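Trainee: What follows is a structure written as structure tokens; I'll ask about it next.
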Amino acid sequence: MIGLKFLYLLGFMVATAVFGLIVGWVDRKLSARVQFRVGPPFLQNFNDFFKLMGKETILVRNGIHWLFITAPLAAFGMLVLISTMIWTALILHRGFGGDLIVVMYLMMIYSVALVLGGASTGNVYSSIGAGREIKLLLGDELVFIMICLVPVIQSNYTLRLDQIITHQAENGMVIGSVSGAIAFVLGLLCIQAKMALPPFHIPEAETELVEGPLMEYSGPLLAFWKLNHHMMYVAYPLLLVLLFFGGFKLQGIDILWAVLKYLLIVVLMILIKNTNPRVRIDTALNFFWRIAAPLGLAAVLLAVLGV
Amino acid sequence: MKLNENVNHVPVGPFHPLLEEAEYFNLTVEGETVVDIDMDIGWMHRGHEFISEQKTFTQSIFLVERICGICSTSHPLACVHAFEDVDNTDIPERAAYIRSLVGELERIHSHLLWLGLAGHFIGYDTLWMWSWKYREPVLQMMEIISGNRNHYGMMRIGGVARDVDPDRVKTLRPILDMLDKKLKMIVAAAKDDPVLKSRLKGVGVLTKQDAIEMCATGPTSRASGVPGDVRTDEPNDAYGWLDFKVIVTENGDVWDKLVVRLLEMLESTKICRQCLDKLNTVKGPILNDVKEISAGEGIGRYEAPRGEVFHYVRTDGTNRAIRHKVRAPSYVNIPTYSASCKGIPIADALITLASVDPCYCCTERALRVKGEHPDAIDFLKLSRAKTERIRREIHGH
């Protein structure tokens, strides 16, 4: 039995990774077209990944090596778990009590791994980037918890992902309600912050911090960070599909719907990414605490009232 | 230095994605706030002044064109002004219009380049790509005029090297009209962008007082409310006969510097249009051939896209300058960082570093080697000795 479960994990891991690299290409190509560029060929992300895998790993002499090495691998593990849980709920309609909480928890751990990995080198850019990542996490986490509460409340206070899907199949999508719509918009921005995409690419700010926490990474370890980022492109939008669009069925014409739901979110993310400059960290915190958090609270209250 | 746990040093440079050239700024930060900035320029020294003194007049114009790739007609223009100043050489009217046309096209291309880079520096890559796309027609016009997209080789002592004949004027006009339309679009888009405005408004303020005290020039000073522009203060070439406004704003922040540059581009298209009109009507030669330059000294000024560029030459009647000094606008604009970068977050400080549109290879005319090595030469001392020697030769005491 354990062997079978392991196969599940392996299957979803490979599927998410491959799918993620393809979506990464969609992102790069679409961004390029928005910017009047040609964009990379289809297999570019795969080539990048395998090329980085073959490069040398340079360790910082004064850094904490075990932390530096385990952080990207641990983050990779987190993402494999997150995506497996989301995929199983979406495709196999299986879950366990409170798996939404586990997903939220693992998503937070991912940021913590990034912070630890970056800070373990002692590089000044990495340290500042790690500090910014923590601040950003403090900003988006509260809002993210609140927007996750909205589907939970609407589905009769269940914390099981599969039951949230079933409830939406019977009573219509969460996004159809006012509270659901507000929560979806906020959720999109939270995802943007969690993935460190513009306008929230504050920790990695290339022209300020030269990649921030990833500054000292090279070779396979960097390849894993890049892969993680691509896998997030799969896991996080799918979570939104699950929570707000009622998941999908993979049969007949519904496959088209599934692809459209997912692509809608990804395209929205790419457009937000390409039409905004990087905000300052204090602006981001202001936004999340002063504007997004009260809105999220309002969405939760509306959900309780049943609107 | 006192050891303080809260103080950190963030090196920007010598190699950093913010700077296209090798330069070093050491930001002292407390948390994310910049408390002090240490500037260390001198990484790009190529000895242009010295090489220029080995070259003939015509050659040295080509040499100074290579000082900077972006303002590559400003340096030759200031240089020919300096050589013409020695004998008060006049240039034909048609040449004056061609000079101003080339100069203004270069201003548009330089400002668009800066706009794109500024967009990239604040993480707005779409703005970067869009403004560089519309920089392309300018380079195309330059190619039609001079045959080159950069480094035009247009300036000669006493005029210009190539004529812009009526056929070319006819080709240039539709491109200029198209460019004007696109520029208006991009200026409107950038000026009305709420996110861009909220990101740049009030960031890195250089007060009027500081701008005057630090002798800032160009858009850097004009954004702080100091209306200095060589084109109107001391009109040379065709600028005295052309109708244009000098854009001045009051706040001195990065947003105002952006606005000044955006509006200057529109003024430049106006100037280009007038020059093209005049090239249709004004006939005549394009070059007063200067055979020799007598002994004396001359200065040349030109309003480069970044501010006033200043050339000084001393001649002794041969075909070489015995002294050639260059002061580029960034040389006076870079020290304004010490006023505008303090007390603001790192994210703001870095866009402020880029906001004066620094051009380091323009700036660096001297190299000072500091060290305890017994053979180390103090170049500053040597330079002062040479200046003193030349001064004595001129004045005899």
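The values are calculated or read from the model by the stated rules, or taken from the named source; none is laboratory data. These numbers were taken from a predicted model, which means no experiment stands behind them. Cβ sites come from the backbone with ideal geometry, for glycine too, and all protein chains shown count toward neighbours.
Trainee: Provide a single number: the residues in the stretch A:79-96 that are within 13 Å of the chain's Cα centre (by Cα) and either surrounded by fewer than 22 Cβ atoms within 10 Å (Cβ to Cβ) or farther than 29 Å from A:THR158 by Cβ (or both).
Mentor: Summing the residues that are within 13 Å of the chain's Cα centre (by Cα) and either surrounded by fewer than 22 Cβ atoms within 10 Å (Cβ to Cβ) or farther than 29 Å from A:THR158 by Cβ (or both) in the stretch A:79-96 gives 2.
Trainee: Which numbered condition trips up B:SER340, out of (1) surrounded by fewer than 24 Cβ atoms within 10 Å (Cβ to Cβ); (2) at pLDDT 85 or above; (3) within 30 Å of A:PRO203 (Cβ to Cβ)?
Mentor: Failed condition: (1).
Trainee: Okay, moving on. Being surrounded by fewer than 18 Cβ atoms within 10 Å (Cβ to Cβ) and within 14 Å of another protein chain (Cβ to nearest Cβ) is true for just one of A:VAL38, A:VAL60. Which residue is that?
Mentor: Every option except A:VAL38 fails the conditions.
Trainee: Can I ask one more? If only one of B:GLY228, B:GLY317, B:GLY240, B:GLY296 is at negative phi and over 16 Å from the mean Cα position of the chain (by Cα), which one is it?
Mentor: On inspection, the qualifying residue turns out to be B:GLY240.
Trainee: Checking the conditions here, which among B:LEU115, B:LEU127, B:LEU105, B:LEU77 is within 14 Å of chain A (Cβ to nearest Cβ) and closer than 17 Å to B:ARG306 by Cβ?
Mentor: B:LEU115
Trainee: State all residues of the stretch B:189-223 that are within 12 Å of chain A (Cβ to nearest Cβ), outside any helix (DSSP H, G or I) and surrounded by 19 or more Cβ atoms within 10 Å (Cβ to Cβ); if no residue qualifies, say none.
Mentor: Matches in the stretch B:189-223: B:VAL203 only.
Trainee: A follow-up question, please. Restricting to the stretch A:97-129, name every residue that is within 13 Å of chain B (Cβ to nearest Cβ), touching a residue at least 12 places away in the same chain (Cβ under 8 Å) and either at positive phi or surrounded by fewer than 22 Cβ atoms within 10 Å (Cβ to Cβ) (or both).
Mentor: A:GLY122, A:ASN123 - these are the residues of the stretch A:97-129 that are within 13 Å of chain B (Cβ to nearest Cβ), touching a residue at least 12 places away in the same chain (Cβ under 8 Å) and either at positive phi or surrounded by fewer than 22 Cβ atoms within 10 Å (Cβ to Cβ) (or both).
Trainee: Continuing with the same structure: If you go through the stretch A:55-91 one residue at a time, how many are farther than 30 Å from A:ILE165 by Cβ, of a type outside the set (A, V, I, L, M, F, W, C) and touching a residue at least 60 places away in the same chain (Cβ under 8 Å)?
Mentor: The qualifying residues number 6.
Trainee: Going residue by residue through the stretch A:238-254, is there one that turns out to be away from every other protein chain (no Cβ under 14 Å) and under 30 Å from B:ALA190 (Cβ atoms)?
Mentor: No, the stretch A:238-254 contains no residue that is away from every other protein chain (no Cβ under 14 Å) and under 30 Å from B:ALA190 (Cβ atoms).
Trainee: Something else: Is one or more of the residues making up the stretch B:50-68 among the aliphatic types (A, V, I, L, M), surrounded by 15 or more Cβ atoms within 10 Å (Cβ to Cβ) and in a strand (DSSP E or B)?
Mentor: no
Trainee: Quick one: in the stretch A:177-234, which of the residues that are farther than 17 Å from A:ASN274 by Cβ and of a type in the set (S, T, N, Q) is farthest from the other protein chains (Cβ to nearest Cβ)?
Mentor: Out of the qualifying residues, it is A:SER177.
Trainee: If we keep just the residues of the stretch B:277-333 that are closer than 24 Å to B:VAL102 by Cα and among the small types (Gly, Ala, Ser), which is surrounded by the fewest Cβ atoms within 10 Å (Cβ to Cβ)?
Mentor: Restricting to residues being closer than 24 Å to B:VAL102 by Cα and among the small types (Gly, Ala, Ser), the top hit is B:GLY284.
Trainee: Out of B:ILE186, B:ILE175, B:ILE144, report the one residue that is within 14 Å of chain A (Cβ to nearest Cβ), surrounded by fewer than 22 Cβ atoms within 10 Å (Cβ to Cβ) and either assigned to a helix (DSSP H, G or I) or not polar (S, T, N, Q) (or both).
Mentor: B:ILE186
To keep it simple, each residue is scored yes or no on (1) in contact with an Asp or Glu (Cβ under 8 Å, 6 or more places away or on another chain); (2) away from every other protein chain (no Cβ under 14 Å); (3) among the hydrophobic types (A, V, I, L, M, F, W, C).
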{"residue": "B:ASN8", "(1), (2), (3)": "yes, no, no"}
{"residue": "B:PRO17", "(1), (2), (3)": "yes, no, no"}
{"residue": "B:PHE25", "(1), (2), (3)": "yes, no, yes"}
{"residue": "B:THR28", "(1), (2), (3)": "yes, no, no"}
{"residue": "B:GLY31", "(1), (2), (3)": "no, no, no"}
{"residue": "B:ARG46", "(1), (2), (3)": "yes, yes, no"}
{"residue": "B:PHE57", "(1), (2), (3)": "no, yes, yes"}
{"residue": "B:ILE61", "(1), (2), (3)": "no, yes, yes"}
{"residue": "B:CYS71", "(1), (2), (3)": "yes, yes, yes"}
